[in-house]
Every structure is written in C-alpha cells, then in structure tokens.
Amino acid sequence: MLYMERRGRLPQHISGLLIALVAVFIAVTIGQIGESKPGMPNFFTQLSQVQDNWPSVQFAVAGGIALSLGNMICQYAWAFVGLSLANIIVCCMIVVLGTTVNYFLDGRINKAEVLFPGVACFVVAVLLGAAVNSSNAKDKEEKLKILGGDFITHGTKGDIGMSRDDISGKASPRNGDHEYEDASSQAKPGTAAFIAQVEKTRSIKVRKIIRRQESKVHGLKFPRCCRGSNVFVTQVAGSSSFIGLAIVLFAGVCFFIFSPAFNLASNDQWHVLKKGVPHLVVYTAFFYFYLSGFVLAICVNVWLLYRPIAGVPASTIGAYLKDWNGRHWALLSGLLCGFCNAFQFIGGQAAGFATADAVMASPLVCTFWDIVIFGEYRRSSTKTYLLLAGMLTMFVIAIGVLLASAGHRKHT
C-alpha cells in the first residue's frame, strides 16, 4: 500500500474486501470441520445462536473496528515517518500494552519471569525508534540545505524534483507510475533530490513547497541556467516528524485494543455469557471481527474520498470504481493481512494471546523493504545508523524472549 501511495495512488484501498473474504473462507471451511458439539459448535450452528452469545460478539466487533481504524491510520503514518519505523513503534505498543493485558486475561499461562523482560526490551525499542525518527528527520533537513538545497528547479509552480546536477532541460513525464519510476532513476536514494521527487509524486503530502526569488534564498548557489528565475525550495515541515510520531502512537493504541478484545470474545474471561452458552469459537469470532472492520473501512474511506486530509486530492466513488490501476497490490495486502491475523488468533487460542503477539516480527521485513525498495535511511548520519541498529537489535531480542515465554492453555 505504501508502494502505491508513493506512486500517487489514493490511500483509500479495497484491502478490507479481501480480508473479509478470508474471514468468510476460514469460517465456512475450517470452522465447519467435524460435527457440532455442545461445547464446540461449528460455524453455522453458532451463527444461528447470535442472540445467546451477543455480548461476546460485541467484543469481536470492537476489536475489528479498532484494527480497521489502526490500519487506515497507519497508511498516513508511513508517509510521515517511514514504513519500518512506523511498524516497529506500532508493533512494540501492541506487545507492551496488549501482551500485558492478555497475560492477565489468559490466567497467567505465560512465564512472567521471561515475558516481562521481553516487554521491557520492546519499551527500549520504542524509545530508540523515537530517537531514530528525530535523527532521520534532521538528516533530511540537512540534505535539503546542502549547496542549493540539493533540490531546486526553475519553471512553473509545482515543477519540482530536479537536483542541481540533474538540471539538463529534459522534461520528465507526468503519468503517475512512469513519473515515479523516472523519479527513482533520476536521483540516487537518500539524496535531497530523491526525497523531493518522492514528495512530488506521492498522494499524502508531508513537506511544504515554498516559492522564493533567487535573491531571497540565502547561501545557495544556482546553476547559470537558473539564475534570474523563480526557484522552489522544499523544506521539511517543522512539526511533520512530531505529527507523524503522534499518528503512529494513536495507531498503536488502536492496534493494542484488537488482540485483548478478540481474546475476550473467544474465551469470555469476564463471564458476560449466560451459564451454559458456549464461547465463540475462534472462527466465528474472526468472522464477526472482520465483518465489522470491513463495514467501518467502507464508511471511512468513502468519507475521505470527498473530504480528504493530509493534502490528498479529492475524488468520487465513480472515479474510484473505474480506476483499477495498481489495485491488485491492495488486494494482495488484504489477502496477506487476513491470513496473518487468522493464524495469530488460532495460535493465541492454543498457546496464549500474549505469546501470539510474537507474529509482530513483520517490522524486520518492513525495514528491509524500506531501505532496499523505498530508499529510506540511505546516506544518513552515523548516529541514525547506530540508533537504527540498536532498535532492530532490541526488537529481535524481545521477539525471542517473548517466544520463550509460551505456555499452554488448559481449556481450549
């Protein structure tokens, strides 16, 4: 989804559709295996008993809403602070808050002497992540100040994205995907020109474009072809890194809610069901969980089409339905997300939801993508690299410790 956003695609995607279809597929296949038993009804049997297990359904619905809201918020967080940093902070918050709650909900089946040192490692990783964000933002500001800001151009308003060395009179194409590809090839990852070109093509605008006369841009030396003309200098918005960090933290709070809510829906630790009413099986809870998230995603995304935020251009439902360019990437992300959460919940039901949070190892993969594919942290300072290495190290240690704390549920 970040790949599409950086190519100028709107951040309203249909990944929720595939997630909902995955939930239905798992419910009507695995959820129907075997005969329905008094304490373990199959999916369709329990679906017809919604009036009896409605309190548990409400927990599943609340968890689905929280996860869907967090997913939508994360799309904006990626633009502000990058894929790897956003995912690491969010996942650490899920583990620190969600694991603690799940530990007590699951009757302390995990080894506390192992679990909570792992949680402490996640806390350290979050703090290091905040430091990485601050250091990386300063690195980008410094890059834009180097000899012409390394990001200047002449011409019409909004014609941005060429570095001093790239000004050769060639016109760049303006057709979405091709523009993104040309932008990536014209400037080296990590340079100010690359940062500016990404900002030009992406749909979520993070940085400000400031128009100045040459005489007002102090300390900058322009090529002869640019002298006497208007120039446009990109500056990182002073508060953008803090706004991004706030968005990430809010997304983390939303994500932290969904796992304990699902735990309550499938195990009824608060005893909200009447005596004799079977708990929601994990497949039925998963169905309600994603059904609610899908409904919320439709409502919010339709609203954002007409009232966009963060500089995203407005659109309409008709235009959205007609434009399927790159939509297959959104479908793929929904498919992967749906199965990932399904396996997390199935594993949590067996070994404890606190341990199941260990699936949050995805930031390690995201960091690789962020550096190799999206050019993040390229040509950064030594300080940023050291902080990034420390953050990833603490994250790996925390994952290993969390897995070592696994226990076994007495009643599944």
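Among the residues of segment 299-321, those that are in contact (Cβ under 8 Å) with a residue 12 or more places away in the chain and part of a helix (DSSP H, G or I) comprise Val300, Asn301, Val302, Leu304, Leu305, Ile317, Tyr320. If we scan segment 349-360, do we find a residue that is touching a residue at least 40 places away in the same chain (Cβ under 8 Å), part of a loop (DSSP other than H, G, I, E, B) and over 28 Å from Ile88 (Cβ atoms)? No, that holds for no residue.
In the set Phe242, Phe289, which member is in contact (Cβ under 8 Å) with a residue 24 or more places away in the chain and aromatic (Phe, Trp, Tyr)? One residue alone meets the criteria, Phe289.
Go through Leu273, Leu280, Leu296 for me and flag whichever is part of a helix (DSSP H, G or I) and in contact (Cβ under 8 Å) with a residue 40 or more places away in the chain.
Working: Leu273 fails: part of a helix (DSSP H, G or I); Leu280 fails: part of a helix (DSSP H, G or I).
After ruling out the rest, the residue left standing is Leu296.
One residue stands out in segment 303-332 among those that are modelled with pLDDT of 85 or more and of a type in the set (S, T, N, Q): the one that is nearest to Val365 (Cα to Cα), namely Ser315.
Yes/no per residue for (1) within 30 Å of Phe194 (Cβ to Cβ); (2) of a type outside the set (Val, Ile, Thr); (3) surrounded by 20 or more Cβ atoms within 10 Å (Cβ to Cβ):
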| position | (1), (2), (3) |
| --- | --- |
| Arg6 | yes, yes, yes |
| Ile19 | no, no, yes |
| Ala23 | no, yes, yes |
| Ile26 | no, no, yes |
| Gly70 | yes, yes, yes |
| Tyr76 | yes, yes, yes |
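Filtered by the rule that a residue be at pLDDT 85 or above, crowded, with 18+ Cβ neighbours inside 10 Å and under 14 Å from Ala137 (Cα atoms), segment 373-412 gives Tyr377, Ser380, Thr384, Leu387, Leu388.
The values are calculated or read from the model by the stated rules, or taken from the named source; none is laboratory data. Since the structure is predicted, the reported quantities are computational estimates derived from the model, not experimental observations. Virtual Cβ from ideal backbone geometry, glycine too; neighbours counted across all protein chains shown.
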